[in-house]
1. Does at least one position in region 24-33 carry a residue that is part of a helix (DSSP H, G or I) and either within 16 Å of the chain's Cα centre (by Cα) or closer than 29 Å to Asp1 by Cβ (or both)?
2. Given the options Leu78, Leu49, Leu53, name the one that is in a helix (DSSP H, G or I), under 26 Å from Ala98 (Cα atoms), touching a residue at least 12 places away in the same chain (Cβ under 8 Å) and in contact with a Leu (Cβ under 6 Å, 6 or more places away or on another chain).
3. State which residue pairs qualify: first residue surrounded by 13 or more Cβ atoms within 10 Å (Cβ to Cβ) and inside region 2-18, second residue outside any loop (DSSP other than H, G, I, E, B) in any location, beta carbons under 6 Å apart, and separation of 6 or more residues or different chains.
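Each value in this text was obtained by applying a stated rule to the coordinates, not by laboratory testing. Everything quoted here is computed from the prediction, not taken from an experiment. Note that we place each Cβ from the backbone using ideal geometry, even for glycine, and neighbour counts take in every protein chain shown.
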Amino acid sequence: DDAAFRDGIARGARFVESLLAREGSVYGITTGYGDSCVVAVPLAQVEALPRQLYTFHGCGLGRHLDPAATRAVLAARLQSLCQGVSGVRVELLERLTAFL
């Protein structure tokens, strides 16, 4: 609920939006990852990109995590995203928090 924290997160999201408006292409947002960074993703499909990528890269990785390990992974990811440099919106942080 801290206003300064929320402002920092919003600033990061605004930066990504302005970068998209200026550049049109942003690694991992409107492109693939790694060697696929040269593959442009049409704006109509940008929202679906993260799910497609984690589904593709998550295939065949072994057993599912137990609840405690899953919560630990979510907590670590949440901590990373709370730094305000990923360009996420506060709504995503709130959704992740709800899972914990």
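1. No, every residue in region 24-33 fails to be part of a helix (DSSP H, G or I) and either within 16 Å of the chain's Cα centre (by Cα) or closer than 29 Å to Asp1 by Cβ (or both).
2. Working: Leu49 fails: in contact with a Leu (Cβ under 6 Å, 6 or more places away or on another chain); Leu53 fails: in contact with a Leu (Cβ under 6 Å, 6 or more places away or on another chain).
After ruling out the rest, the residue left standing is Leu78.
3. Matching pairs, first to second residue: Arg6/Val90; Ile9/Val90.
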